[in-house]
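A short reminder: the numbers here are calculations on the coordinates, not readings from a lab. Because the structure is a prediction, the values reported are computed rather than measured. Positions of Cβ are backbone-derived with ideal geometry, glycine not excepted, and every protein chain shown enters the neighbour counts.
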Amino acid sequence: MTKRKIVTLPGDGIGGIVLEQAIRVLTAAGFEADYVHGDIGWEFWCKEGNPLPQRTIDLIEEHKIALFGAITSKPKDEAAEELDPSLRDKGFVYSSPIVGLRQHFNLDVCLRPCRTYKGNPLNFIRRNREGSFDEPVVDAAIFRQNTEGLYGGVEWSNPPSLVYKALMTHPKFIKNFGNVPVEEISVSTRIFSRNATERIVRAAFQYARDFGYKSVTVCEKPNVIRETSGLMLSLAKQIHKNEFPEIDLWNTNIDAQMMWLTKNPENYGVIVAGNMFGDIVSDAFAGLIGGLGFACSAQFSEDGVGVFEPTHGSAPKYADYEKSIVNPVAMIESACMMLDYIGEKDIASRIRKAIAGVIEEGKVKTYDMMKMPGKPDVIEQGAATTQQMADEIIAAL
């Protein structure tokens with residue numbers, strides 16, 4: 001039988017390190033695949049002027065599924081300085097390759113589950129009325145619209161005449177910015193389309209139904225951002241009423257949600273938001289379950305392309321350590337989300353059970369779980385290396 005082909009995108013910094021360990025765990029759990037390397041990241045920006053080469057896009061178009069490590073992104077001025085001298089002043093402009101992937105393949109649905117591991121010393125705790133502490137179980141699934149909103153990339157500094165004239169048709173722009181010289185204005189748009197908003201909201205409700213969550217929370221700001229946040233809330237009300245009446249629909253403002261997050265996180269099930277607010281609330285929930293070392297994610301297109309990645313960054317300083325100290329769990333969990341997506345749910349369940357067992361036993365912990373600063377000497381103080389943590393998960397299988 002032909003093995004499934006998985007495109008591997010190590011990216012930058014620690015991306016390749018955690019990806020390697022995730023593949024070791026997949027193999028040990030019995031998942032057989034051919035892994036096809038894809039070029040992506042800072043190296044290819046510097047030497048080719050393109051951090052997302054067409055050859056990589058072609059690979060993903062062919063095989064549909066990709067495991068992604070991490071990416072380094074820098075402001076455009078710094079990016080221009082690091083470009084190969086032979087490519088400078090030739091019109092190359094850096095843009096994030098992961099954002100490029102999302103937009104090229106329309107990976108508009110992003111799912112970021114945040115679940116407590118029993119025994120994790122980094123779990124959120126709070127003081128109760130008796131003066132002791134509670135450790136609420138967090139089990140939230142954040143659905144983030146992945147291609148529109150503030151991350152859509154429709155921006156200008158010193159906007160061109162046509163754009164400026166359009167802005168000047170809005171009374172509030174005239175009132176607040178009409179006297180500002182156009183060369184002093186920078187504009188970022190926040191665009192929501194009805195189709196993409198319906199799709200992310202419906203995906204959130206369907207997930208709630210499929211996995212037994214009792215509520216879906218729209219986490220936006222419709223009292224201020226009336227058109228875009230208002231569109232999401234309005235569509236959520238319609239979809240709730242017509243298709244998912246048995247699931248409660250809640251509405252929270254993003255700022256208030258950040259406060260309630262540490263008061264009653266166990267009350268929230270599925271949360272849906274636009275691109276920026278979804279990014280914020282998913283990182284906030286990740287903080288309650290131990291931080292980005294435990295934060296996995298998946299992103300899907302309507303026509304079957306899926307990219308699976310941890311939400312942590314490339315952490316380049318850690319990549320240079322003689323022995324890697326970073327936590328591989330987020331990458332391994334992202335690989336489990338891939339297994340779910342392609343129908344290998346039994347293998348995914350075995351791996352998750354192994355991770356849970358290792359964390360609950362508590363004998364092997366990475367530096368973050370031991371609440372240490374991320375320095376090379378943490379290994380001498382008892383912290384596990386990246387490979388040792390993966391070894392322990394493999395042993396637990």
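Compute the length gained on full extension between R126 and K74: take 0.36 nm times their separation in residues and subtract their Cα-Cα distance, giving the result in nm to one decimal. Stretched fully, the R126-K74 segment lengthens by 15.0 nm.
Checking the cross-link filter: which lysines have an alpha carbon closer than 22 Å to that of K263, excluding same-chain neighbours under 8 positions apart? Those lysines meeting the cut-off are K118, K214, K221.
Of all beta bridges that DSSP places with both ends in region 137-285, some 25 percent have antiparallel geometry.
Under unit Cβ charges (Lys, Arg +1; Asp, Glu -1), what dipole magnitude, rounded to 20 debye, does region 331-374 have relative to its Cα centre?
160
May I ask you to derive the relative contact order of the chain, considering only C-alpha pairs under 8 Å and at least 6 residues apart, and to give it as an integer percent?
Result for the chain is 22 percent.
Computed over neighbours whose Cβ is under 15 Å from that of S349, the net charge equals +1, Lys and Arg +1, Asp and Glu -1. Multiplying the residue separation of E81 and S186 by 0.36 nm and subtracting their alpha-carbon distance yields 35.6 nm.
Restricting attention to the chain, close to 45% of DSSP beta bridges with both partner residues there are antiparallel. Sorted on the mean count of surrounding Cβ atoms within 10 Å across their residues, most packed first, peptides 231-237, 207-213, 241-247, 116-122 read 231-237, 116-122, 207-213, 241-247. By the count of other C-beta atoms within 10 Å, a proxy for reagent exposure, R202, R112, R226 are ordered fewest to most as R226, R202, R112.
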